[in-house]
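No lab work stands behind these numbers, since they all come straight from the coordinates. If you're wondering where the values come from, they're calculated on a predicted model, not measured in any experiment. Backbone-built Cβ (ideal geometry, glycine too); neighbour counts: all protein chains shown.
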Amino acid sequence: MSKKKSNFLRVKCGDCGNQQVVFDHAASKVECIICSKTLVQPKGGKSKIVAQIIEVID
């Protein structure tokens, strides 16, 4: 069985503490739905995760 190349992640915003689910290969910037802080920045492949990763969702 092959290993998955991408995952959904539960992340925690460093400013307000809100948790939300994001994709680790996001094609566009993902912001916190509460305070609008950037959580994920696209990088043409695997995204830069700016927030704290709480868990990887399989």
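If you put +1 on each Lys and Arg Cβ and -1 on each Asp and Glu Cβ, how big is the dipole of the chain around its Cα centre, in Debye rounded to 20? Can you show the working numbers first?
Values: 10 positive and 5 negative charges, 56 e Å.
My answer is approximately 260 debye.
What distance in nm lies between label points placed 7 Å from Cα along the C-beta direction at residue 35 and residue 18?
The two pseudo-label positions are separated by 1.0 nm.
Give, as a single signed number, the net charge of other residues whose beta carbon lies under 15 Å from the beta carbon of residue 14, with Lys and Arg counted +1 and Asp and Glu -1.
Working: positive: 10, 12, 37, 48; negative: 15, 31.
Residues near residue 14 contribute +2 overall.
How about residue 29: which lysines have a C-alpha closer than 17 Å to its C-alpha, ignoring those fewer than 8 places off in the same chain?
Output for residue 29: 12, 37, 43, 46, 48.
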